[in-house]
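Data block below; observations after.
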Amino acid sequence: MSLPRLVIPEGNPEAGGSLRLGPEQAQHLRVLRLKPGAALELLFPHGPWRADLASLSRESAVLRLVAPLQEDREPPLRIEVYLPITAQLALVDEMIPPLVELGTSRLLPVAWERSEYDAARTLGRMARWRKLVVGAAEQSHRSRVPTLEEPTSFAALLACTADQRWVAHEACSGLPNPVLGPGAIALASGPEGGITDAETVALERAGWQRVALGRSILRAVTAPVALLGAVQCDLGRSFSP
């Protein structure tokens with residue numbers, strides 16, 4: 001059984017040192033019913049560590065740092081996901097955890113032509129989305145916490161320089177799906193209502209390749225997860241663990 005893992009956003013850990021956590025993370029440890037002496041894992045910016053719980057109160061927790069963990073659960077290539085900004089921002093809440101679990105390195109919310117984009121409402125959601133990123137990274141025992149960028153425009157897709165650029169598209173291009181290579185990859189999918197013809201032309205001119213995800217039309221919340229799942233399936237075939 002895997003140990004609980006907590007994200008520690010900063011710090012330079014040393015074996016034998018101690019770390020004090022605040023009330024929020026102490027409450028999390030109480031919910032997990034951990035007792036002094038229990039083992040757990042901490043994810044620092046430079047990687048995971050093993051730690052023991054020294055003491056726990058309502059206001060704080062003190063941890064004893066044991067040693068760095070020699071593991072790397074990250075994909076063998078960098079994965080960026082351009083999230084569609086949806087009319088119901090709660091749908092983005094549904095997308096984020098599985099995308100983090102599936103190994104994305106970077107999340108970029110995008111306002112497409114058919115996105116019902118409200119800047120104030122979207123920015124007001126960012127704190128919640130960042131908490132979801134952290135929680136999913138802890139749950140899935142990621143070795144790095146993905147970054148979540150500020151909302152951006154469709155132009156960011158055209159400026160993308162990833163070695164591979166895949167966009168999920170409901171319209172058949174008549175070409176087979178691209179074959180995954182070793183370079184960094186960017187993934188995109190459209191909002192409710194889909195991608196406009198003008199956006200499709202612009203993406204193809206910028207080097208994006210269409211990917212078909214079956215014959216049915218997927219919801220905006222389903223397509224990015226299905227696309228990243230397909231990439232991870234290919235990674236399992238193409239690259240050594």
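The values are calculated or read from the model by the stated rules, or taken from the named source; none is laboratory data. This is a predicted model, so every value here is computed, not measured. Neighbour counts are summed over all protein chains in view; Cβ atoms, including those assigned to glycine, are modelled from backbone coordinates with ideal geometry.
For (1) within 30 Å of Val7 (Cα to Cα); (2) of a type in the set (Lys, Arg), each residue gets a yes or a no:
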residue	(1), (2)
Pro146	yes, no
Glu170	no, no
Pro176	no, no
Gly183	yes, no
Ile195	no, no
Ala198	no, no
Trp208	no, no
Val211	no, no
Arg215	no, yes
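Quick check: is even one residue across segment 205-213 within 20 Å of Ala226 (Cα to Cα) and touching a Ser or Thr at 6+ places or on another chain (Cβ under 8 Å)? There is at least one residue in segment 205-213 that is within 20 Å of Ala226 (Cα to Cα) and touching a Ser or Thr at 6+ places or on another chain (Cβ under 8 Å).
Evaluation of Ala159 against the conditions (1) under 19 Å from Pro97 (Cα atoms); (2) at pLDDT 95 or above shows that the sole unmet condition is (1). Counted as qualifying within segment 120-210 are the helices (runs of 4 or more DSSP H) with 3 or more residues that are exposed (fewer than 13 other Cβ atoms within 10 Å of the Cβ), namely 197-205. Determine if segment 222-233 includes at least one residue that is surrounded by fewer than 20 Cβ atoms within 10 Å (Cβ to Cβ), out of contact with any Gly (no Cβ under 7 Å at 6 or more places or on another chain) and not in a helix (DSSP H, G or I). Yes, segment 222-233 has at least one match. Among the residues of segment 69-119, those identified as farther than 14 Å from Ala186 by Cα, polar (S, T, N, Q) and surrounded by 14 or more Cβ atoms within 10 Å (Cβ to Cβ) are Thr86, Ser115. May I ask you to verify whether Ala137 is farther than 21 Å from Glu199 by Cα, touching a Pro at 6+ places or on another chain (Cβ under 8 Å) and among the aliphatic types (A, V, I, L, M)? When the stated conditions are applied, Ala137 passes them.
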